[in-house]
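Some notes on the structure that comes next.
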Amino acid sequence: MSPGARLLDVARVRGLFPGLSDGLVHVDGPGGALVPESVVRAVSQSMRVPIADRGGVFASSARAEQLVSSARTAIADLVGGLPAGVVLGPNLTSLTYAVARALGKHWRRGDEMVVSRLDHDANIRPWLQVADEVGMVVRWAEVDIETGELPDWQYDELLTDRTRLVAVTAASNAIGTCPDVAAIVERAHQAGALVYVDAAHAAPHLPLDVAELGADLLALSAYKWGGPHVGAVVGQPWLLEELRPDKLLPAPDRVPDRFELGTPPFELYAGVAASVDHLAALDPEATGTRRERVAASMAAVSRYEDVLFDRLDGALRAMAHVQVLGSPQYRTPTLSFTVSRMRPRQVAGELARRGVCAWDGDFYSRELFDAIGVNETGGAVRLGLMHYNTVDEVDHLVDSISALR
Ligand SMILES: Cc1ncc(COP(=O)(O)O)c(C=O)c1O
């Protein structure tokens, strides 16, 4: 069996999560995953020893420096980037605004960008607002509403020699679709455009390789895979060198520090490194560098989640009173559904009564849900599986939703 073909030992995995002791079924992962004990411990241990700010010549300042560099290295290992290209920040949304403003300084009236209807608003609105300020033309890549796919062929018509940016998600946090990002990037690069990929929802579920995707900038959010509330953008250092984000005068001008405002949450950075270690250890038999172990473990995660998801998806689609939104071919283990004659909030309430934690609403995929036409009735209910969910939990979900008839 190849390393990626091993399955997850879910009983062992569940023992790593203190949050599971509440006995509830947590399928709210796409909104924020449960946190492993190792991450909790790394954060608290880091605060038991003195940490000063960076830049001093004394031990507690060196410790701060080390926490920053270990978080950058961990993120680079997760996606195959370079630590020198990892910008850390409070969350993906804030970082995307910062990058959009910095890129916007290079753009001119009449330049163009392509955003997608599949994306979380964090990879749409910051770009639209910069486009509006600069006077750019915005083009939309549309979703096939029936399938939930984002066809890559449409980019042939959307891209021109004035296109400066393509913003696209690696996976929809609402309906799970994984577009063919590499194909979109190839087209965008032929047109001379940069590509900003939102990998927040893909990262907890799939092995990611920034070079394979071809993304110029890849955005992440650690709380989606069990880390603390820290965001990251992974870019090519040469590209970051060309950008001049707003910053304080005395703050370092080197890359990637130039993009990081104020004093960082060093203790959370300790948790970022621990969270990538957690992912790398999900397949305990994986060997090699952390990057190699992450790749093997995420392949095992993906395989495990697929089995669970197929069971859930198949059962829901067989229920006459349930409508699952979209049916994309490549997807994360995340779906959104509605129930006939019930509001999503009511459905989520009924599930909560049965011990299920599930979100209802639009999940900030406002454009997508407007296009599908579910926002007027409260959006949908989302079920997102993670590597700590079980077959028994899936069966409980299926029974609970079946009972809503
Ligand atoms: C796909 C996707 N992109 C972006 C975001 C926003 O991330 P953050 O909360 O780090 O700003 C989320 C969070 O829900 C998300 O799921």
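Could you tell me whether residue 174 is within 20 Å of the chain's Cα centre (by Cα), surrounded by fewer than 24 Cβ atoms within 10 Å (Cβ to Cβ) and within 23 Å of residue 306 (Cα to Cα)?
Values: within 20 Å of the chain's Cα centre (by Cα): yes; surrounded by fewer than 24 Cβ atoms within 10 Å (Cβ to Cβ): no; within 23 Å of residue 306 (Cα to Cα): yes.
For residue 174, the condition - within 20 Å of the chain's Cα centre (by Cα), surrounded by fewer than 24 Cβ atoms within 10 Å (Cβ to Cβ) and within 23 Å of residue 306 (Cα to Cα) - is not met.
Taking the options 168, 79, 143, name whichever one is touching a strand residue (DSSP E or B) at 6+ places or on another chain (Cβ under 9 Å), within 16 Å of the ligand (Cβ to nearest atom), of a type outside the set (Gly, Ala, Ser) and within 20 Å of residue 32 (Cβ to Cβ). Give the steps one after another, and end with the answer.
On the way: 168 fails: within 20 Å of residue 32 (Cβ to Cβ); 143 fails: within 20 Å of residue 32 (Cβ to Cβ).
Of 168, 79, 143, the one residue that is touching a strand residue (DSSP E or B) at 6+ places or on another chain (Cβ under 9 Å), within 16 Å of the ligand (Cβ to nearest atom), of a type outside the set (Gly, Ala, Ser) and within 20 Å of residue 32 (Cβ to Cβ) is 79.
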Practice task
Find all pairs meeting these conditions: Cβ atoms under 9 angstrom apart; at least six residues apart or on different chains; first residue within segment 117-138 and at positive phi and of a type outside the set (Asp, Glu); second residue assigned to a loop (DSSP other than H, G, I, E, B) and open to solvent by 40 Å² or more (accessible area, probe 1.4 Å).
Solution key: 135/108; 135/109
Practice task
Taking residue 130 as the residue in question, decide whether it is touching a helix residue (DSSP H, G or I) at 6+ places or on another chain (Cβ under 9 Å), outside any strand (DSSP E or B), farther than 30 Å from residue 385 by Cα and within 16 Å of the ligand (Cβ to nearest atom).
Solution key: no
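Kindly provide the set of residues from segment 209-223 that are within 13 Å of the ligand (Cβ to nearest atom) and either among the aliphatic types (A, V, I, L, M) or over 22 Å from residue 165 (Cα atoms) (or both), ordered by number. Step through it out loud before you land on a result.
Step one: filter segment 209-223 for residues within 13 Å of the ligand (Cβ to nearest atom), giving 218-223.
Those that are within 13 Å of the ligand (Cβ to nearest atom) and either among the aliphatic types (A, V, I, L, M) or over 22 Å from residue 165 (Cα atoms) (or both): 218, 219, 220, 222, 223.
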Problem - Among (1) open to solvent by 20 Å² or more (accessible area, probe 1.4 Å); (2) in a helix (DSSP H, G or I) - the single one residue 309 does not satisfy - result: (1)
Practice task
Please determine, by comparing only the residues of segment 87-102 that are touching a Pro at 6+ places or on another chain (Cβ under 7 Å) and of a type in the set (Val, Ile, Thr), which one is farthest from the ligand (Cβ to nearest atom).
Solution key: 87
Fill in the blank from the handout: When restricted to 232, 219, 191, 182, the only residue more than 20 Å from residue 100 (Cβ to Cβ) and aliphatic (A, V, I, L, M) is 182
Problem - Failed item, numbered, when residue 226 is tested on (1) in a loop (DSSP other than H, G, I, E, B); (2) within 15 Å of the ligand (Cβ to nearest atom); (3) open to solvent by 10 Å² or more (accessible area, probe 1.4 Å) - result: (3)
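Against the definition (open to solvent by 60 Å² or more (accessible area, probe 1.4 Å), of a type outside the set (Ser, Thr, Tyr) and within 30 Å of residue 164 (Cα to Cα)), how does residue 41 come out, yes or no?
Details: open to solvent by 60 Å² or more (accessible area, probe 1.4 Å): yes; of a type outside the set (Ser, Thr, Tyr): yes; within 30 Å of residue 164 (Cα to Cα): no.
When the stated conditions are applied, residue 41 does not pass them.
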Handout entry: Checking residue 182 against (1) surrounded by fewer than 24 Cβ atoms within 10 Å (Cβ to Cβ); (2) within 11 Å of the ligand (Cβ to nearest atom); (3) not in a loop (DSSP other than H, G, I, E, B), the condition it does not meet
Key = (2)
Completion exercise
When restricted to 68, 27, the only residue at pLDDT 95 or above, under 26 Å from the mean Cα position of the chain (by Cα), open to solvent by less than 70 Å² (accessible area, probe 1.4 Å) and within 16 Å of the ligand (Cβ to nearest atom) is 27
Completion exercise
Only one of 361, 378 is within 16 Å of the ligand (Cβ to nearest atom) and crowded, with 17+ Cβ neighbours inside 10 Å, namely 361
Exercise for the section: Filter segment 188-208 for residues that are open to solvent by 10 Å² or more (accessible area, probe 1.4 Å) and more than 16 Å from the ligand (Cβ to nearest atom) and give the result. Expected result: 189, 190, 191, 192, 194, 207
Problem - Residue check for residue 84: more than 16 Å from the ligand (Cβ to nearest atom), within 26 Å of residue 206 (Cβ to Cβ), open to solvent by 20 Å² or more (accessible area, probe 1.4 Å) and not aromatic (Phe, Trp, Tyr) - result: yes
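Consider residue 277 carefully, then state whether it is assigned to a helix (DSSP H, G or I), more than 18 Å from residue 41 (Cα to Cα) and within 20 Å of the chain's Cα centre (by Cα). Walk me through how you get there before you give the answer.
On the way: assigned to a helix (DSSP H, G or I): yes; more than 18 Å from residue 41 (Cα to Cα): no; within 20 Å of the chain's Cα centre (by Cα): yes.
Here the answer is no, as residue 277 does not meet what is asked.
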Handout entry: Boolean, residue 162 is more than 30 Å from residue 309 (Cα to Cα), more than 16 Å from the ligand (Cβ to nearest atom) and at pLDDT 95 or above
Key = yes
Completion exercise
Subset of segment 292-306, residues surrounded by fewer than 19 Cβ atoms within 10 Å (Cβ to Cβ) and over 30 Å from residue 401 (Cβ atoms), comes to 292
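Yes or no, residue by residue, for (1) at pLDDT below 95; (2) in a loop (DSSP other than H, G, I, E, B); (3) among the hydrophobic types (A, V, I, L, M, F, W, C):
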| residue | (1), (2), (3) |
| --- | --- |
| 11 | no, no, yes |
| 20 | no, no, yes |
| 35 | no, yes, yes |
| 43 | no, no, yes |
| 50 | no, yes, no |
| 57 | no, yes, yes |
| 60 | no, no, no |
Practice task
Among residues belonging to segment 347-358 that are away from the ligand (no atom under 16 Å from the Cβ) and not charged (D, E, K, R), point out the one that is most open to solvent (accessible area, probe 1.4 Å).
Solution key: 352
Handout entry: Long-range neighbours under 6 Å by Cβ, at least six apart or interchain, first residue farther than 16 Å from residue 230 by Cβ within segment 30-51, second among the small types (Gly, Ala, Ser) and within 16 Å of the ligand (Cβ to nearest atom)
Key = 30/384
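The values are calculated or read from the model by the stated rules, or taken from the named source; none is laboratory data. Given the structure is predicted, the values throughout are model-derived calculations rather than measurements. For neighbour counting, all protein chains shown are included, and Cβ atoms are generated from backbone atoms with ideal geometry for every residue, glycine included. For the accessible areas, the whole protein counts, side chains as well, though only heavy atoms, and no ligand, DNA or RNA atoms are used. Shrake-Rupley method; radii C 1.70, N 1.55, O 1.52, S 1.80 Å.
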